[in-house]
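Have a look at the structure below, then the notes.
The values are calculated or read from the model by the stated rules, or taken from the named source; none is laboratory data. The structure displayed is predicted, hence computed values, not measured ones. Cβ: placed from backbone, ideal geometry, glycine included. Neighbour counts: every protein chain shown.
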Amino acid sequence: MRKLLFLSLSLFSFNAYVLADDVQDPFEEINQVTFAVNETLDNAIAKPIAIVYGDITPSFIQNRVTRFFKNLAEIDTFINQALQGKPKLAFQDFGRFTINSTIGLFGLFDVATGMGLEAHEEDFGQTLGVWGVPSGPYIMLPVIGPSNARDLMSRPISSFLSGTFAMTDTDVRLALTALDALETRERYLDFEAMIQGDRYTFVKDAYIQSRDYEISDGESDEDDFLEDLDDFLIDD
């Protein structure tokens, strides 16, 4: 699972080029209510647990957990690279998954990067964007967080392509999904102070910017730090 449980995408809004008024938000009233509920749940449950996880778990172990889930996400990535008509990158990302799943001990270590295979992140929502499907209205989903009509439509496919979907043991699958959400939430604790002004608007703008950036494969006017975000968050 690559998306944050709540506010991860707010990181991308340092140089905002999407204004809130330009974003399709016909459901703003209900979105605002959902956002407030999400914030309440986050502050009451997810955030405190993430803080405890970060305090008691050694950074080496945290990084191994991060790498494990990033490796599972390679499945979604290389399939969508192929669907987007990028066979070379699809083959490269398949190679990353194979190498890190074997030599890297089920993805606990990123051996592939050291071999010159750069990491990418793709999902079916990005594929739909590349195919020309419009984003549609902005939607704030309960618990999950910011989305839009296109990404909402893509979620079943991305879920099917996730590494945890194929696991037959329901308890194991749910446990891994919860751990993924917890690990992701903890990684972004230090960045909440960057949210400025109205939180709802900030997160909305950040989400739209980040998705546009991902669909265009970084071909935008965004800061260079976007490309280094994962390296910054995972300090091996």
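Screening A50 on (1) within 27 Å of F191 (Cβ to Cβ); (2) more than 19 Å from the chain's Cα centre (by Cα); (3) aliphatic (A, V, I, L, M) shows it passes everything except condition (2).
The criterion of at least 1 residues that are within 30 Å of V33 (Cβ to Cβ) and in contact with a Ser or Thr (Cβ under 7 Å, 6 or more places away or on another chain) is met by the following helices (runs of 4 or more DSSP H) wholly inside the stretch 83-165: 124-130, 149-161.
Going through T184, T164, T170 one at a time, which residue ends up being exposed (fewer than 15 other Cβ atoms within 10 Å of the Cβ) and either touching a His at 6+ places or on another chain (Cβ under 7 Å) or at pLDDT below 85 (or both)? The unique qualifying residue is T170. A73 falls short on exactly one of the conditions (1) of a type outside the set (D, E); (2) under 19 Å from the mean Cα position of the chain (by Cα); (3) at pLDDT 95 or above, and that condition is (3).
Inside the stretch 126-143, residues that are more than 16 Å from K86 (Cβ to Cβ) and buried (at least 18 other Cβ atoms within 10 Å of the Cβ) make up a count of 4. Against the test of being assigned to a helix (DSSP H, G or I) and modelled with pLDDT under 95, the options F14, F35, F78, F6 yield a single qualifying residue, F78. Each residue in the stretch 58-106 was checked for being in contact (Cβ under 8 Å) with a residue 60 or more places away in the chain and more than 19 Å from I215 (Cα to Cα), and 9 of them qualify.
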